[in-house]
1. Just checking, how many residues over region 191-208 are touching a residue at least 24 places away in the same chain (Cβ under 8 Å) and farther than 16 Å from Cys326 by Cβ?
2. Kindly indicate the residue of region 209-227 that is outside any strand (DSSP E or B) and in contact (Cβ under 8 Å) with a residue 60 or more places away in the chain and also nearest to Val270 (Cα to Cα) among those meeting that condition.
3. Specify which of the listed residues (Lys277, Lys257, Lys267) is out of contact with any strand residue (DSSP E or B) (no Cβ under 8 Å at 6 or more places or on another chain) and closer than 27 Å to Thr337 by Cβ.
4. Could you pull out the residue among Lys277, Lys193 that is within 21 Å of the chain's Cα centre (by Cα), among the charged types (D, E, K, R) and surrounded by fewer than 19 Cβ atoms within 10 Å (Cβ to Cβ)?
5. Please go through region 294-322 and pick out each residue that is out of contact with any Leu (no Cβ under 8 Å at 6 or more places or on another chain), over 19 Å from Tyr249 (Cβ atoms) and part of a loop (DSSP other than H, G, I, E, B).
6. Residues Asp140, Asp106, Asp110: which one is touching a Ser or Thr at 6+ places or on another chain (Cβ under 6 Å) and in contact (Cβ under 8 Å) with a residue 40 or more places away in the chain?
7. Scan region 225-250 for residues that are out of contact with any Phe, Trp or Tyr (no Cβ under 9 Å at 6 or more places or on another chain) and either surrounded by fewer than 16 Cβ atoms within 10 Å (Cβ to Cβ) or among the hydroxyl-bearing types (Ser, Thr, Tyr) (or both) and report the count.
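Every read-out reported here was derived from the displayed coordinates using simple, explicitly stated rules and does not represent laboratory data. Given the structure is predicted, the values throughout are model-derived calculations rather than measurements. Cβ: placed from backbone, ideal geometry, glycine included. Neighbour counts: every protein chain shown.
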Amino acid sequence: MITKGDDFPIHQTSSPIAEVGSERNFYDRYFFNGYNDDGSIFFGAAFCVYPNLNVKDASFIFVSEGIQHNFRYSDVLDYERMETSVGSFKIEIIKPLKEIRITLNDEEKDINVDITFSGRFEPMEEPRMTLRNGPRIYMDSTRMTQHGYWTGNINFKSHNINLSEENYLGTRDRSWGIRPVGTQDTQIVPPLKLPQFYWLWAPANFDDVSSHLYFVDDEEGRATHSHCVEQKDNQSSILSSLKKEIHYYEGTRRISKAKFSAMKRDKTEVVWSLKPKYHIYMCGLGYMHPEWGHGMYHGEQKSFYDSYDLSEDPHDPPFLHIQAICHFEMKENDTTTKGLGVLEQLLIGPHIPSGFESLLDR
């Protein structure tokens, strides 16, 4: 099955580019977020192809005046992985690993977006993440994360946002591999066990520095996967001995404040203190959404708009997965630097240090 990608020297097997092996849940995704200096405006975008489902989808969200606006698009892939557009949504790779443009011109929904992400630092490759349910691999992915600047315009009805008028920063990631997509697998691996996933992902931007860290914990609170990077002066430093101290709002699984610490190679300790301002719902970008979830088939050229009032918190699926926009303070030696970023949270099932004992207890 020859497609446009086969005209580029990017093959890694003896098969055409359209073929990615036998795993139905293979995916290849772009994710972006952005925010102004005080975090009052936030936006996000995602685009993904699912070669073995022959589906592609995209989404765009932005927050203004306490409302999260969600725009979703889905189409048949037609096996062409080089067509990075879905309906009115399009991604253009202007300079690989340096500059990416996102456009969205949907007259029916009265939204026009033309924004460009430019990297502040080189992308960071996170360690490969492999998770199993018994003998079955349900996640096996590589992620590349990059901090950057935003320019351009977002226009929706009466909202006209010129990103050049303020300092808009953000983070993007590129991940690919295997994760649950499309319709759920009906064959459960016995014996039955409560689902458990404890995920924290915290990229942040400061004036001259950026940082990134994440955790995946098991139900005992042991970090099965974790990573920490500081970037400064075009250099990336991987830190070790990453630790966390987490506090929750009473009666919830939402984090009220967090402290992380890690050690540089010269034994200097770096400490991050996070305080959330508000959070957005990742289901607006397809994560865990029951109808517009990633890889679901809707037919050709389908789209959907809805909105969420962020003063309301359902705290139940599909609203468990959030990104909290946070004030960050990073302390290194006697220097404290203030910045902004997100603390992504997906906390499902038991986690003994947090006092969570069942699937969704608070």
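1. Counting residues in region 191-208 that are touching a residue at least 24 places away in the same chain (Cβ under 8 Å) and farther than 16 Å from Cys326 by Cβ gives 7.
2. Gly221
3. Lys267
4. Lys277
5. His294, Met296, His298, Gly299, Glu300, Gln301, Pro318
6. Exactly one of Asp140, Asp106, Asp110 is touching a Ser or Thr at 6+ places or on another chain (Cβ under 6 Å) and in contact (Cβ under 8 Å) with a residue 40 or more places away in the chain, namely Asp106.
7. Going through region 225-250 one residue at a time, the tally reaches 9.
Every residue, every condition in (1) over 21 Å from Tyr308 (Cβ atoms); (2) free of Cβ contacts under 8 Å to residues at least 60 places away in the same chain; (3) of a type outside the set (Val, Ile, Thr), yes or no:
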residue: Asn36; (1), (2), (3): no, no, yes
residue: Ser40; (1), (2), (3): no, yes, yes
residue: Val49; (1), (2), (3): yes, yes, no
residue: Asn54; (1), (2), (3): yes, yes, yes
residue: Glu65; (1), (2), (3): no, yes, yes
residue: Gly119; (1), (2), (3): yes, yes, yes
residue: Pro123; (1), (2), (3): yes, yes, yes
